[in-house]
Amino acid sequence: MRFTLWNTGSDTEEFFALAEAAEANGWTSMCLNESVFQPIDVNSRYPYSADGKRFWPTDSPYLEPMTLLPAIAARTTTLRVYPYVTKLTLRHPLLLANQVKTAGLISQGRFGLGVGMSWMREEYEFCGIDWDTRRQRFTEMIDIVRLAISGEVVEYHGEVFDFPPFQQAPGVTSPVPVYIGGHQNWSLRTAARLADGWCGVPKGLAEVTETVGRLLTLVEREGRSADFEVHAGVIDATSLDDYRRLSDAGVTDLVCMPWMGEDIADSAGEGMLSATAFKTDSLKRFADEIISKF
């Protein structure tokens, strides 16, 4: 099992410092989640909280992953980077494909594309995008991005998008893996059928292992290769045995923010804003206690 450092915040220099420290201490990847903007009034139900409400304030800091992650890759030599996840369907596929291609070239093959649809209808309304066709838009966009980043002359004819022959040169020199996020049955089935891997919202250990089991059953039914990647965060893993259990369950990449809960009494907001030195010490200690055992 490999390990991905998950960070968020608004200090770009901190991202660079933590990426360099992570690379030096055995972490495989760094990921960054995305929020394009925060509508003040939201009626959509957030699927990952008990009451269906978002639990973060609207002024929570978010940076744009397709800009920041290639910069992190340029400051490192082995660290993989990927959004966890970018809101695919809020974008135009050809504009996104150009970003993906560029990120793949800058990173020299260390960029992965984690994608989701967004749970918030209001984001679609703000962006002038049809909510009801989001699933078809999502799957077509994955196909289009893969075609476009090849650098070849390609065309695409779908239900949502229709493009005559076009070319985006140069193409990538290494494949860009696509990871699909989401816990609903449709998301798991689509990941098993179309993607190179899956991204899971951080959950409890028992729920994660159950979801991964369902996912891998679907992957096997699709006759997919054994290199399917399972990226999962776990909020209650505390011991080496817990992490070994996750590895045995099929998690290939453990997504972790190791400073959460460390000397920060049940406060996610404060944990995310703790000092760079504190975070660096936390990721080093986690590497010594957990990563080194794998």
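Over the stretch 151-201, the alpha carbon radius of gyration divided by the compact-protein estimate 2.2 N^0.38 Å works out to 1.47. For the pair the stretch 1-16 and the stretch 191-211, the centres of their Cα atoms are 21 angstrom apart.
Across the stretch 47-153, C-alpha contacts under 8 Å between residues 6 or more apart give a mean separation that, scaled by the residue count, equals a relative contact order of 29 percent.
The calculated FRET efficiency for the pair Ser49 and Leu194, based on their C-beta separation and a Förster distance of 30 Å, comes to about 0.60.
Charging the Cβ of each Asp and Glu at -1 and of each Lys and Arg at +1, and nothing else, the dipole of the chain about its Cα centre rounds to 600 debye.
With a cut-off of 13 Å between beta carbons, the residues surrounding Val172 carry a summed charge of +2, where Lys and Arg count +1 and Asp and Glu -1. Among the trypsin sites (Lys or Arg not before Pro) within the stretch 1-96, those in coil by DSSP and having at most 14 neighbouring Cβ atoms inside 10 Å are Arg45, Lys53. Computed over Cα pairs, the Kirkwood radius of the stretch 2-293 leads via Stokes-Einstein (0.692 mPa s, 37 °C) to a diffusion coefficient of 166 µm² per second.
Here the peptides 62-70, 251-259, 202-210 are ranked by packing, the mean other Cβ count within 10 Å, and the order with the highest first is 251-259, 62-70, 202-210. Placing +1 on each Lys and Arg Cβ and -1 on each Asp and Glu Cβ, with no other charges, gives the stretch 1-104 a dipole about its Cα centre of roughly 500 debye.
Beta bridges assigned by DSSP with both partners in the chain are antiparallel in approximately 10 percent of cases. Of the cross-linked pairs Lys87/Lys203; Lys87/Lys279; Lys203/Lys293; Lys101/Lys293, which ones have a Cα-Cα span greater than 31 Å in the structure shown? Among Lys87/Lys203; Lys87/Lys279; Lys203/Lys293; Lys101/Lys293, the Cα-Cα distance tops 31 Å for Lys101/Lys293. Positive-end ranking of Gln136, Asn33, Asn43 along the dipole of the stretch 1-139, with charges on Cβ about the Cα centre, is headed by Gln136. With the highest mean first, a sort of the peptides 175-183, 127-135 on other beta-carbon atoms found within 10 angstrom per residue produces 175-183, 127-135.
Each reported figure results from applying straightforward, stated rules to the coordinates on display, with no laboratory input. Predicted model, so just to flag it, every value in this text is computed and none were measured. Using ideal geometry, Cβ is built from the backbone for each residue, glycine included, and neighbour counts are taken over all protein chains shown.
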